[in-house]
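> One structure coming up, written as structure tokens, with questions to follow.
The numbers here are math on the coordinates, done by the rules we state, and not lab data. Here the structure is a predicted model, which is why all the values come from computation and not from measurement. Note: ideal-geometry Cβ built from the backbone for every residue, glycine included; neighbour counts use all protein chains shown.
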Amino acid sequence: MSNDPTTDPRLRSWVDIAEGSDFPIQNLPYGVFRRPGGTPRMGVAIGGFVFDLAGVAEAGLLDHVAVEQSAFHSSSLNSFIASGRSVWRQLRARVSELLEISCPEIKGAPGLADRSLVPMSEVELLAPIEPGDYVDFYSSLQHATNLGRLFRPDGEPLLPNWRHLPVGYHGRSSSVVASGTPIKRPTGQLKGPDEPPRWGPTERLDIELEVGFITGRANSLGESVPINGAEEHIFGVVLVNDWSARDIQAWEYQPLGPFLGKSFATSIGPWVVTLDALEPFRVAAPAQDPVVLEYLREEQRRGIDIHLEVALATPDMPKAHVISRVNFSEMYWTMAQQLAHATSNGTPVRAGDLYASGTVSGAEAGTFGSLIELTRNGSEPITLASGEQRRFLEDGDTAIVRGFCGGGDRPRIGFGEVRGTVA
Ligand code: CA
């Protein structure tokens, strides 16, 4: 369906890209990196390298793209994202041209190819955005059903509102951190069924496998984003691990919802994959029953075919063991519906805000995106390749979330990974 030349599977780059890399020339995800001792710079992942956009801009090769030079030296992508979709497309088209195998400007500038590529292993990848706001949804039908069955075994697993609106809450943007940031086990109020509350470190530290979208400057106070065309305001997609303390959460959450059990850390991946790169992997989203209200009704419901997985490594098992695999395409509520709903009361969305999907889970064992589901709230521990068992995360454990589209005969559009070790 797409006539976008930047996603043409026949495109080749002058960069040497390993077979199966997450970052072929059709991907071109944006991030922010820093050389040792250096300052932040905007870059694009290509194979095992970062293409240094600040350096390329200094060489005059981005002069015709309507991006302020300062954006390439910013500590986040926010100012670039604020420039809007036509500029996002302009820069992507230009970067694709510069990385294409026959690019005369790169070939004609001695040493420029080498200078503009930095091995990914030699740089620090920062959080790509500084979100002003972070919203977390609960949009996987299976996840909501799984948790409903655990917590209300005798009742209807879904609460009455679930199929009528994308349930969500306002998260904490100050603790959205880069992949690799150590996660300190949070302390809080804990309460067993027949005991008074006590104070201590969480005993039920969990992961949540999620996918987040990053917004452009979508609307002003008092305006809402119409459902059809809402994706015009979405810059791209990142991997998210939304760490959760289940015991703190269980005691605090009624009646106002998640608070300290969720706000201590949310890890995001280093690379924002644009919707343009994901276009070849858009699929029909599941039909909704009952029909939703008009402001959430879409002319075309589109999900994304992203293969997701969670792996765990432990101090005794440094080689990560995959504990869950699931596909993102089954999400009941689409990104467009989430954005239309979040702004339906006139709340403004800013450039660089983060909207996470909620835990992505499938129906079968081995497709759940959280330990609370995988271990049935800690009652059935999982066994890792090392023979170790886990109900929830222990100190020194590392959780790794990965995701990619395509592969096989299609260029693989990967997200890299988001990892965090419990300190
Ligand atoms: Ca979450």
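> Which angle between 0 and 90 degrees, to the nearest 10, do you get for helix 85-99 versus the longest principal axis of the chain when only C-alpha atoms count?
The helix 85-99 is inclined about 60 degrees to the chain.
> Oh, and also: Can you give me the angle between helix 141-151 and the longest principal axis of the chain, using Cα atoms only, in degrees from 0 to 90, rounded to the nearest 10?
30 degrees
> Can you tell me the length gained on complete extension of the stretch ARG301 to GLN69, counting 0.36 nm per residue apart and subtracting the Cα distance?
79.8 nm
> Set the Förster distance to 41 Å, then compute FRET efficiency between LEU158 and ALA423 from the Cβ-Cβ distance, nearest 0.05.
0.70
> As I understand it, the dipole of segment 304-423 uses +1 on the Cβ of Lys and Arg and -1 on the Cβ of Asp and Glu, about the Cα centre. Which of ILE306, ALA363, SER344 lies farthest toward its positive end?
Most positive-ward Cα: SER344.
> Please list the equivalent ellipsoid semi-axes of segment 5-126, computed as the square roots of five times the alpha-carbon gyration tensor eigenvalues, in descending order and whole angstrom.
So the three semi-axes of segment 5-126 are 20, 17, 15 Å.
> Using only the C-alpha atoms of the chain, find the volume of their convex hull and express it per residue in Å³.
149 Å³
> Between GLU105 and ASP316, how high is the FRET efficiency from 1/(1 + (r/R0)^6) when r is the Cβ-Cβ distance and R₀ = 51 Å? Nearest 0.05.
E(calc), rounded to 0.05, equals 0.50.
> Okay, next question. Between GLY269, GLY111, GLY261, find the one with the highest GNM mean-square fluctuation for the chain; connect C-alpha pairs within less than 10 Å.
GLY111
> Hey, another quick one. If the cut-off is a Cα-Cα distance under 18 Å, which lysines reach LYS184, setting aside same-chain residues fewer than 8 apart in sequence?
LYS262
> Taking 20 °C and 1.002 mPa s as the conditions, I'd like the Stokes-Einstein D for segment 350-423 in µm²/s, using the Kirkwood hydrodynamic radius from alpha carbon pairs.
Taking Rh from Cα pairs, D becomes 143 µm²/s.
> If I build a Gaussian network model for the chain, linking alpha-carbon pairs within less than 10 angstrom, which residue out of LEU53, LEU125, LEU112 has the largest mean-square fluctuation?
Looking only at LEU53, LEU125, LEU112, the biggest GNM fluctuation is shown by LEU112.
> Something else about it: Under 10 Å, Cα contacts only: if you run a Gaussian network model on the chain, which one of ALA342, ALA109, ALA356 comes out with the highest mean-square fluctuation?
ALA109
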